[in-house]
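Below you'll find the structure, written out as structure tokens, and then a few comments.
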Amino acid sequence: MDIRFSLTLPREPAGIPVVRRLLGDALRSVGVAEECVADILLATSEACSNAVRHGGPTARYDVDFRLDGGRCVLKIRDRGRGLSVVPDEMVPPPPEAENGRGIQIMKAVVDDVAFEDTPGAGTTVWLRKHLAWQEDAPLPQLERELAALAS
């Protein structure tokens with residue numbers, strides 16, 4: 001079973017809680033374990049915050065969500081200037097810095113973080129995480145029942 005949705009949001013901080021709410025509700029409704037939901041929401045919040053902060057000059061950014069085969073895939077795309085430094089080569093900020101840890105946070109809580117950068121046309125952040133399920137999760141149960149019917 002494949003679940004997808006897309007959002008186009010204004011580059012305003014007020015849109016980030018909307019993304020968190022919709023994404024969290026979708027994940028919880030199919031039975032994703034709460035710790036896994038929290039990790040995905042944290043990484044998504046960091047990626048969206050970067051799009052809001054650095055995604056100019058356009059006034060919008062996009063969030064695409066896909067739940068597919070026990071995995072969550074998110075794509076957050078802005079239309080800004082693009083990255084000046086490849087994130088894998090970034091040096092961690094000093095302990096007293098107030099900003100600059102978002103990419104490290106994302107990498108700590110999801111299985112895969114990837115970046116596509118088009119200088120002058122924006123940055124796309126890909127977040128991927130294998131899902132942990134609640135014991136009574138409805139989606140894995142439904143998928144097992146559908147597989148049994150198909151065989």
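Quick look at the numbers
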{"quantity": "Unique match (being modelled with pLDDT under 90 and of a type in the set (Ser, Thr, Tyr)) among THR58, THR8", "calculated": "THR58"}
{"quantity": "Residue match in region 109-127 (condition: modelled with pLDDT of 90 or more and assigned to a helix (DSSP H, G or I))", "calculated": "yes"}
{"quantity": "Residues (among the basic types (Lys, Arg) and surrounded by 12 or more Cβ atoms within 10 Å (Cβ to Cβ)) located in region 126-147", "calculated": "ARG128, LYS129"}
{"quantity": "Region 52-87, subset of a type in the set (Lys, Arg) and surrounded by fewer than 19 Cβ atoms within 10 Å (Cβ to Cβ), residue farthest from PRO10 (Cα to Cα)", "calculated": "ARG71"}
{"quantity": "Hey, ALA97 of a type in the set (Gly, Ala, Ser) and at pLDDT below 95 or not", "calculated": "yes"}
{"quantity": "Total residues in region 1-51, condition in contact (Cβ under 8 Å) with a residue 40 or more places away in the chain, surrounded by 19 or more Cβ atoms within 10 Å (Cβ to Cβ) and part of a helix (DSSP H, G or I)", "calculated": "12"}
{"quantity": "Condition check for ILE76: assigned to a strand (DSSP E or B), under 18 Å from SER45 (Cα atoms) and at pLDDT 80 or above", "calculated": "yes"}
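The values are calculated or read from the model by the stated rules, or taken from the named source; none is laboratory data. Just so it is clear, the model here is predicted, and its values are computed rather than measured. A quick note on method: Cβ atoms are made from the backbone with ideal geometry, for glycine too, and the neighbour counts reach across all protein chains shown.
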